[in-house]
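Colleague: Supplied in structure tokens, the structure appears directly below.
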Amino acid sequence: MPAKVILIVEDEKAIRDMIAFGLRRAGFEIREAQDCRAARTEIAARRPDLLLVDWMLPDMTGLEFTRQLKRDPNLKELPIIMLTARAEEADKVAGLEGGADDYVTKPFSTRELMARIQAVLRRVDPAVGGEIVDIEGLRLDPVAHRVTAGDKPVVLGPTEYRMLEFFMTHPDRVYSREQLLDRIWGGNVYVEERTIDVHIRRLRKALEEFGYDRLVQTVRGAGYRFSGRGE
Ligand code: CA
């Protein structure tokens, strides 16, 4: 699996460096932004898997930035951990109500931060934990990169595998072609939206002999949904 990308939004370079150093050693790919504007540019260039957002930033508060991201339909699922020097319970509540997924109080150890990051990543993406995902007997093993139906292997190309992994870990929700491009290919890759349809067709074909093609549902005028439930 490619390294998870973490964007650190923090204006104090010393803290940014300290966090980046520890997380790089833990195998993460690190991006940095010194304010919310720079963070926006980074997010547009490549969607990170998780954001660490400091509370005190020069152009707006981390809380306001978090609220903005959570209001954006394309970005609202981006996991955010807020960093703050303020340990008051009221701030923590405000942070979580603003849409942050977790909250870490300075000073924190890299170890503590790592634990929070892993917990949040596992929550939003079960594949991170290496757990097997099973939907109606269709099983995806993210560690072995293997998909089986019953006990028969399902043969998939790399893109169809990534697509199925995304779908199986985000079931029952409709994603537009644009969102799928962003989530499966990453924001910096130029792929035509039509390409999605080609891979959807291939994925359905691979699942067809096991009767699972019905899980890949077209939602007219909206996009695609992966679901064991009916329309
Ligand atoms: Ca700061």
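The values are calculated or read from the model by the stated rules, or taken from the named source; none is laboratory data. Small disclaimer: the values here were computed from a predicted structure and weren't measured. All Cβ positions, glycine included, derive from the backbone under ideal geometry; neighbour counts span all protein chains shown. Calculation scope for accessible area: heavy atoms of the full protein, side chains included, ligands and nucleic acids excluded. Shrake-Rupley method; radii C 1.70, N 1.55, O 1.52, S 1.80 Å.
Colleague: Carbon-plus-sulfur fraction of the accessible area of the chain, 1.4 Å probe, in percent?
Modeller: On the chain, the fraction of accessible area on carbon and sulfur atoms equals 49 percent.
Colleague: Given Cβ point charges of +1 (Lys, Arg) and -1 (Asp, Glu) and nothing else, what value in debye, to the nearest 20, does the dipole of the chain about its Cα centre take?
Modeller: 460
Colleague: Taking the Cα of Asn74, stepping 7 Å toward and past its beta carbon, and measuring to each backbone N in region 167-182: which are under 20 Å?
Modeller: Within reach of a label on Asn74, which here means backbone N under 20 Å from a point 7 Å along Cα→Cβ, region 167-182 contributes 167, 173-182.
Colleague: Have a look at Ile132, Thr148, Val216 and report the one farthest towards the positive end of the charge dipole of region 130-226, computed about the Cα centre with Cβ charges (Lys/Arg +1, Asp/Glu -1).
Modeller: Val216
Colleague: Still on this structure, I have one more. Say R0 is 30 Å: what FRET efficiency, to the nearest 0.05, do Glu12 and Phe166 get from their beta-carbon distance?
Modeller: The value I calculate is 0.30.
Colleague: Let me ask something additional. Please enumerate, by chain and number, the lysines with C-alpha under 28 Å from the C-alpha of Lys70, excluding those fewer than 8 residues away in the same chain.
Modeller: Once the sequence-local lysines are set aside, what remains near Lys70 is Lys4, Lys13, Lys92, Lys106.
Colleague: Oh, and also: If contacts are Cα pairs under 8 angstrom and at least 6 residues apart, what is the relative contact order of region 57-115 in percent?
Modeller: Here the relative contact order equals 34 percent.
Colleague: Would you mind checking the tilt of helix 13-25 against the longest principal axis of the Cα atoms of the chain, expressed as 0 to 90 degrees and rounded to 10?
Modeller: 40
Colleague: Continuing with the same structure: State in Å² the accessible area per residue of region 130-226; use a 1.4 Å probe, count heavy atoms of protein chains only, and round to the nearest integer.
Modeller: With all protein chains present, region 130-226 gives 54 Å² per residue.
Colleague: Here's something else I'd like to know. Taking 0.36 nm per intervening residue step and subtracting the Cα-Cα distance, what contour gain separates Arg173 from Arg67 on full extension?
Modeller: 36.0 nm
Colleague: Angle between the Cα long axis of helix 36-45 and the longest principal axis of the chain, 0 to 90 degrees, nearest 10?
Modeller: Tilt of helix 36-45: around 20 degrees.
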